[in-house]
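The values are calculated or read from the model by the stated rules, or taken from the named source; none is laboratory data. Owing to the predicted nature of the structure, the values given are computational and were not obtained by experimental measurement. Using ideal geometry, Cβ is built from the backbone for each residue, glycine included, and neighbour counts are taken over all protein chains shown. Each accessible area value is taken on the protein alone, full model and side chains, heavy atoms only, with ligands, DNA and RNA left out. Shrake-Rupley method; radii C 1.70, N 1.55, O 1.52, S 1.80 Å.
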Amino acid sequence: MYGAKFTSQWGEYDDGAWLAELAHLPRHCLELGFRRLRQEVSAAARAGDTAWPPQPVAFAAMCEPRPEDMGMPTVDAAWREACDHSHDPSGWRWSHEAVRLAGQAVGWREIHGATAQSVRARLESRFARQYSALVNRVMAGEELTPRHLLEQDGQRTAAELAERAGREAAAQRAEAEGLPDRMIASQGLAMLKAATGRA
């Protein structure tokens, strides 16, 4: 693809730089990288530009499968979808099961109720980890079933631990009182009136 431009930059034989970056990649990933290189070279030719050979580490990155290679949304698009439909996850037809599972693992209430930017950033980071793990499972040919990444309490802040404890305690109290998991505003108001004896 690059002819003399490649050999003048890297020589006729690898000095170990390319092998060090590419040795861990399976053949199908290398083929994916070559397809992407061809697309770049073609796009440069159409634009009248010159394409130069990439560095070994850049080519290795081009070889890594991405969600979109598997017909899955990008991490950013998946996060936006999870945020947009966190209010009614069971009523939405998800673009991919991995998006739903990652959102479920983070917590629909947390995603929907987060307003502070710092909280949203933490949730987005957790979502990205969950989604990436699911993408890797899809790429490995696994069936997706709900399975969370292992997170230890030591990885959470004191505020996150307190928030989780409060949510769990509130859910237990609600369950003990026979309250539904979810209710619309009019249902909540009717239950409050009944509890206070007001009509």
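A few notes on this one:
- Accessible area per residue was computed with a 1.4 Å probe on protein heavy atoms; D14 scores about 80 Å².
- Modelled spin labels at R46 and H28, positioned 7 Å past Cα toward Cβ, are 2.7 nm from each other.
- Vicinal HN-Hα couplings computed from phi for the range 99-116 (Karplus, 6.51 cos²θ - 1.76 cosθ + 1.60; Hz; Gly/Pro x): 5, 5, 5, 5, x, 5, 5, 6, x, 4, 4, 5, 4, 5, x, 6, 10, 5
- Note on M70: accessible area is roughly 80 Å² with a 1.4 Å probe, heavy atoms of protein only.
- Estimated FRET transfer efficiency when R0 is 45 angstrom, pair F6-S125 (beta carbons, to 0.05): 0.70
- For the set L37, L144, L19, solvent exposure ranked by accessible area (probe 1.4 Å, protein chains only) runs largest to smallest as L19, L144, L37.
- Rounded accessible area of V99 (nearest 10 Å², 1.4 Å probe): 0
- Positive-end extreme of charge dipole, the range 14-154 - chosen from L32, A105, Q55 (charges on Cβ): A105
- Charge dipole magnitude, Cβ of K and R +1, D and E -1 - the range 35-112, Cα centre, debye nearest 20: 220
- Accessible surface calculations at 1.4 Å, restricted to protein heavy atoms, place the range 1-146 at 59 Å² per residue.
- Kirkwood's formula applied to the C-alpha pairs of the range 8-126 gives a hydrodynamic radius of 17.5 angstrom.
- Dipole magnitude (debye, nearest 20) for the range 1-151, charges at Cβ of Lys, Arg, Asp, Glu: 320
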